[in-house]
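Taken together, the values in this text are just the output of simple stated rules run on the coordinates, not laboratory data. Everything numeric in this text was worked out from a predicted model, so none of it was measured. Cβ placement follows ideal geometry from the backbone for every residue including glycine, while neighbour counts extend to all protein chains displayed.
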Amino acid sequence: MIPAVALQSISTVSLLAIILLLLAVVTAYNSVIIVDAYEKRAYTRFGKYQGLLQPGLNLVLPFVTKAYTFDMRTMTLDVPRQEAITRDNSPVTADAVVYIKVMDAEKAFLEVDDYKKAVSNLAQTTLRAVLGDMELDDTLNKRQEINAKIRTELDEPTDEWGIRVESVEVREVNPSKDVQQAMEKQTSAERRRRAMILEAQGERRSSIEEAQGDKQSNIIRAQGEKQSQILEAQGDAISTVLRAKSAESMGERAVIERGMETLEEIGKGESTKFVLPQELTSLVGRYGKHLQGSDAKENGHVLEGMEFDDETREMLGLDDIEEIINEFSDEDNVVDIEQMEEEAQAVKEGQSQADIKDPDEIIEDGQDDLDIDATDGTDGK
């Protein structure tokens, strides 16, 4: 049998071996520090700063070395909602987000206790200060200006801590409820004012368009009436010329035939005695001349057609009859009176889109024609 002393010695050795093994494992574990790629670690030995541990496997003295981790990525700090009084004494509340990045882990370790908390507190005070230097309308409209001012105020102190403020974003700026209600009333009143202005402008525009339409309508109506009068006057002139030409063309034969018809009517009477004036007997002689070509005369008088003097012919325009008739005989110059009257009536009723001259131009053209006729010695017809 194994003595009890020997067994006790074996147990003690085994326990010591186990303890030493455990100590070795713990020592090895504390001697190795693995740093991630996005981190840096500041370490101290016996409380003295030794440097920075780079990403990867790092060996340090166990039990006397302490490491402090710094995340080198961009971090987001939420700035709590802050209350501030603007320069025009309007209370507002605002919150923001600050984006920071550790640029120098050594300064972040040695110069500031907790850089995250420090940046957050500094951002809060800066946000209140910036809002207090601005008026209410500016705090609501100039968001980018607020962001720039806060970032500028944070840059200098954070640079000493090895921290860079990459961006500042103010998320909300809200005035008090009373101010919000007042702003809503102001906005509503402004919208009503604009609506009234637009309505007034619309009515004014409508009135102008209506007045212009009435003006154009009156002008067209007046032009139509003027054109109708011109066409009617032209028709009367043409009729007068044709009647004058017809009267002249009747000539002496028409007068004789009319006289013979009168004799025929006299002969149909019951009386057997007739008293004929000398002019009528001369008419009978002229009738025989026309029938036989003889130079029959009675009492030495010959019936001849009436001749107009120069002044009368010029007044009646008899010398221009042939020219006028020739113009009417030309198919290109034939005027359809009925068509002209229909066109004039259409212009009066506003159904025609004909090119109607301005009344002033028509009056000026008519005055020019009268001046020309006066110069030529005509009566303007």
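Taking the Cα atoms of segment 1-136, what is the range of coordinates along each of the three principal axes, in descending order and whole Å?
For segment 1-136, the Cα extents along the three principal axes come out at 100, 29, 24 Å.
For segment 134-222, what does the convex hull of the Cα positions come to per residue, in cubic angstrom? Before the final figure, lay out the partial values.
On the way: hull volume 13.1 nm³, N = 89.
Normalising the Cα hull of segment 134-222 by residue number yields 147 Å³.
With no solvent and one equal point scatterer placed on each C-alpha of segment 54-94, evaluate the Debye formula and give log10 I(q)/I(0) for q = 0.14, 0.22 Å⁻¹, two decimals.
Each listed q corresponds, in turn, to -0.61, -0.88.
Along the charge dipole of segment 170-238, Cβ charges K/R +1 and D/E -1, which of A200, L231, V170 sits furthest on the positive end?
The residue sitting farthest along the positive end of the dipole is V170.
Within 10 Å, count the other beta carbons around each residue, average over each peptide in 97-108, 114-125, 41-52, and list them highest first.
So the order, starting with the most tightly packed, is 97-108, 114-125, 41-52.
Can you give the charge dipole size of segment 115-214 about its Cα centre, rounded to the nearest 20 debye, using +1 on the beta carbon of Lys and Arg and -1 on the beta carbon of Asp and Glu?
Values: 17 positive and 21 negative charges, 79 e Å.
It comes to approximately 380 debye.
Using the Cα centre of segment 63-139 as origin and beta-carbon charges of +1 (Lys, Arg) and -1 (Asp, Glu), tell me which of Q82, Y68, A123 is placed farthest towards the positive end of the dipole.
Final value for the positive-end residue is Y68.
Determine, for each peptide in 195-204, 139-148, the mean count of other beta carbons within 10 angstrom over its residues, then list the peptides with the highest first.
So the order, starting with the most tightly packed, is 139-148, 195-204.
Using only the alpha carbon atoms of segment 9-61, find the Kirkwood hydrodynamic radius as the inverse mean reciprocal pair distance, in angstroms to one decimal.
By the Kirkwood definition, the hydrodynamic radius is 13.2 Å.
What is the local net charge at A182, summed over the other residues whose Cβ is closer than 13 Å to its Cβ (Lys, Arg +1; Asp, Glu -1)?
On the way: positive: K177, K185; negative: D88, D137, D178, E184, E190.
That works out to -3.
Taking Cα pairs under 8 Å and at least six residues apart, what relative contact order does segment 57-188 come out at, in percent?
Across segment 57-188, relative contact order equals 32 percent.
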